[in-house]
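The values are calculated or read from the model by the stated rules, or taken from the named source; none is laboratory data. Values in this document were obtained by computation on a predicted structure and should not be read as measured data. Positions of Cβ are backbone-derived with ideal geometry, glycine not excepted, and every protein chain shown enters the neighbour counts. Heavy atoms of the whole protein, side chains included, go into the accessibility calculation; ligands, DNA and RNA do not. Shrake-Rupley method; radii C 1.70, N 1.55, O 1.52, S 1.80 Å.
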Amino acid sequence: MPVHSGEPAPWMISGMVDPEVTWRSRKVAGRHGPVRTREYLPAVQRPDAEVVVWVHGGAYVGGSLRMAESHAVAMDLARTGRPVVAVDYRKVSFLPLLLTRRPVRPHRNNFPVPVHDVLDAYLDTVGRYPARRVVLGGASAGANLSASATLRAEGHRPAGLILAYGAFHVELPSIPAALQASIDASAVRRQFTAEAYRRITLNFVGDVTVLDDPAASPATAAVGGIPPTLFVDADADTLRASSELYAERLSDEGVPVVATVVKGSSHGFLNKPTSVHYREGLAVMRRWLDELDRLSPHE
């Protein structure tokens, strides 16, 4: 498989050459066919550090290993001395959110196919790094898929879970007054409405009857075995209502939870690596990874 040292992008100052990290494309054998991944290898690895499996977002219809939310995050985490595996997954068909009369149609990649892709890539990583602990995480739709995959990784639970501005319920919860105030005070006017949220979820599962299945939503599925979890949320983002409720539930169930809101940020800030919010979000993730031994000691 070819080994690369990066790819040209306007947000990568170093261009094609990065002396700290190399990456290679790799296909993982999955139950629905090959799963595309990228493995990022730091030039100097910390032998005590976890391996991170990272999953991008895109409302289950878009996103790729080339987007900053995948590539830039993986590169920056690998610069901390940790191997990182970025995962792509099968997408469902595109759904125009504003055309509310257009019906949602079933698709071959509906739930649980993308969850299985993430789970298979995660289990492959566990198998290839038998002496290392593995952390699973993702952003937006990738956060949902990571949480769902964790619930299905019986016997091989990750050492930790990172969930960035995710959506974990089948319906958007009510917006708390404090969150609404943050949204109103921001310059961000494009938000996920309850209707758009429901259509995204329905497009993901493909059949309205699936919405009644507790296993279809991390927020309603059984919690047992969830590892220490970091929530990294956007400030002015209606999805924070779902994330905060899920964090509260996990905490009530005894899961060690750290919940952080990146002040002044909006949904998708990890896809903007030149922004201060991206840098703050990555700093939170790095600090939490460094503290993970205390939160979840080695067995």
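At-a-glance table
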| item | result |
| --- | --- |
| Yes/no for Thr274 being under 18 Å from Glu69 (Cα atoms) and surrounded by fewer than 15 Cβ atoms within 10 Å (Cβ to Cβ) | yes |
| Condition check for Pro96: closer than 30 Å to Arg108 by Cα, surrounded by fewer than 17 Cβ atoms within 10 Å (Cβ to Cβ) and at pLDDT below 95 | yes |
| Restricting the range 100-120 to residues that are of a type in the set (Val, Ile, Thr) and assigned to a loop (DSSP other than H, G, I, E, B), the residue that is surrounded by the most Cβ atoms within 10 Å (Cβ to Cβ) | Val104 |
| Subset of the range 77-86 [open to solvent by less than 60 Å² (accessible area, probe 1.4 Å) and in a loop (DSSP other than H, G, I, E, B)] | Thr80, Gly81, Arg82, Pro83 |
| Among (1) small (Gly, Ala, Ser); (2) under 26 Å from Arg105 (Cβ atoms); (3) in contact with a strand residue (DSSP E or B) (Cβ under 8 Å, 6 or more places away or on another chain) - the single one Ala139 does not satisfy | (2) |
| Among the residues listed as Tyr129, Tyr89, the single one being in contact with a strand residue (DSSP E or B) (Cβ under 8 Å, 6 or more places away or on another chain) and surrounded by fewer than 20 Cβ atoms within 10 Å (Cβ to Cβ) | Tyr129 |
| Test for Ala167: is it closer than 24 Å to Val113 by Cα, touching a His at 6+ places or on another chain (Cβ under 9 Å) and not hydroxyl-bearing (Ser, Thr, Tyr) | no |
| Of all residues in the range 209-243 being surrounded by fewer than 24 Cβ atoms within 10 Å (Cβ to Cβ) and among the β-branched types (Val, Ile, Thr), the one that is nearest to the chain's Cα centre (by Cα) | Ile226 |
| Given (1) among the acidic types (Asp, Glu); (2) modelled with pLDDT under 95; (3) closer than 21 Å to Ser275 by Cβ, number of the condition Asp48 does not satisfy | (3) |
| Every residue from the range 1-29 that is out of contact with any Lys or Arg (no Cβ under 9 Å at 6 or more places or on another chain) and at pLDDT 95 or above | Thr22, Ala29 |
| Filtered residue count, the range 244-257, keeping only those that are within 15 Å of Ala178 (Cβ to Cβ) and within 18 Å of the chain's Cα centre (by Cα) | 3 |
| Matching residues, the range 281-299, being surrounded by 17 or more Cβ atoms within 10 Å (Cβ to Cβ) and either among the small types (Gly, Ala, Ser) or at pLDDT 95 or above (or both) | Gly281, Leu282, Val284, Met285, Trp288, Leu289, Ser296 |
| Hey, Val232 without any contact (Cβ under 8 Å) to a residue 60 or more places away in the chain and closer than 30 Å to Ser93 by Cβ or not | no |
| The range 156-183: number of residues that are hydroxyl-bearing (Ser, Thr, Tyr) and surrounded by fewer than 24 Cβ atoms within 10 Å (Cβ to Cβ) | 2 |
| Selection within the range 30-76 - in contact with a strand residue (DSSP E or B) (Cβ under 8 Å, 6 or more places away or on another chain) and loosely packed, with under 14 Cβ neighbours inside 10 Å | Pro34, Ala43 |
| Which listed residue is assigned to a helix (DSSP H, G or I), modelled with pLDDT under 95, open to solvent by 50 Å² or more (accessible area, probe 1.4 Å) and closer than 18 Å to His267 by Cβ, from Arg198, Arg190 | Arg198 |
| Residues (surrounded by fewer than 19 Cβ atoms within 10 Å (Cβ to Cβ), in contact with a strand residue (DSSP E or B) (Cβ under 9 Å, 6 or more places away or on another chain) and not aliphatic (A, V, I, L, M)) located in the range 246-267 | Glu248, Ser251, Pro256, Thr260, Lys263, Gly264 |
